[in-house]
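Remarks on the structure that follows.
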């Protein structure tokens with residue numbers, strides 16, 4: 001049995017921090033219409049669920065720009081499927097790289113994986 005690799009995505013209750021590069025906030029908002037802070041909020045909701053069921057899917061790890069990254073699809077506060085990219089940093093820190101509305105093909109794949117269909 002293997003342990004959790006340093007680059008594997010994980011949310012550890014009481015230990016995980018979630019952050020993003022503030023310099024990328026404006027660029028992501030301009031390009032995708034979504035705030036990286038919204039991605040932080042969404043991941044915090046996944047880590048500390050307080051309501052109904054949360055639909056969330058995480059990809060296997062992939063390499064980009066010399067680091068291990070993960071793709072996620074989840075449902076935002078407006079019941080729309082969103083897509084984000086994260087990387088794990090030291091000390092259980094999840095760094096949000098990008099956050100946007102999922103494309104139609106991604107939304108269909110999310111429905112296949114989770115059964116969730118947008119309202």
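The values are calculated or read from the model by the stated rules, or taken from the named source; none is laboratory data. Every value quoted in this text rests on a predicted model; they were computed, and no experiment measured them. Ideal geometry is used to build each Cβ from the backbone, glycine not excepted, and the neighbour counts take in all protein chains shown.
For segment 1-18: of the residues being under 20 Å from residue 76 (Cα atoms) and out of contact with any strand residue (DSSP E or B) (no Cβ under 6 Å at 6 or more places or on another chain), which is modelled with the highest pLDDT?
Among residues in segment 1-18 that are under 20 Å from residue 76 (Cα atoms) and out of contact with any strand residue (DSSP E or B) (no Cβ under 6 Å at 6 or more places or on another chain), the one modelled with the highest pLDDT is 10.
Could you check residue 119 against (1) out of contact with any helix residue (DSSP H, G or I) (no Cβ under 7 Å at 6 or more places or on another chain); (2) loosely packed, with under 15 Cβ neighbours inside 10 Å; (3) modelled with pLDDT of 90 or more and say which number it fails?
With respect to (1) out of contact with any helix residue (DSSP H, G or I) (no Cβ under 7 Å at 6 or more places or on another chain); (2) loosely packed, with under 15 Cβ neighbours inside 10 Å; (3) modelled with pLDDT of 90 or more, residue 119 is out only on (3).
Look through 98, 35 and report the one residue that is closer than 17 Å to residue 18 by Cβ, surrounded by fewer than 17 Cβ atoms within 10 Å (Cβ to Cβ) and at pLDDT 95 or above.
After ruling out the rest, the residue left standing is 35.
How many residues does segment 75-93 contain that are assigned to a strand (DSSP E or B) and either farther than 17 Å from residue 32 by Cα or touching a helix residue (DSSP H, G or I) at 6+ places or on another chain (Cβ under 6 Å) (or both)?
7
Can you tell me which residues in segment 101-116 are assigned to a loop (DSSP other than H, G, I, E, B), loosely packed, with under 14 Cβ neighbours inside 10 Å and at pLDDT below 95?
The answer is 115, and nothing else.
Going by the conditions given, is residue 75 free of Cβ contacts under 8 Å to residues at least 24 places away in the same chain, surrounded by 12 or more Cβ atoms within 10 Å (Cβ to Cβ) and touching a strand residue (DSSP E or B) at 6+ places or on another chain (Cβ under 8 Å)?
Taking the combined requirement at face value, the residue does not satisfy it.
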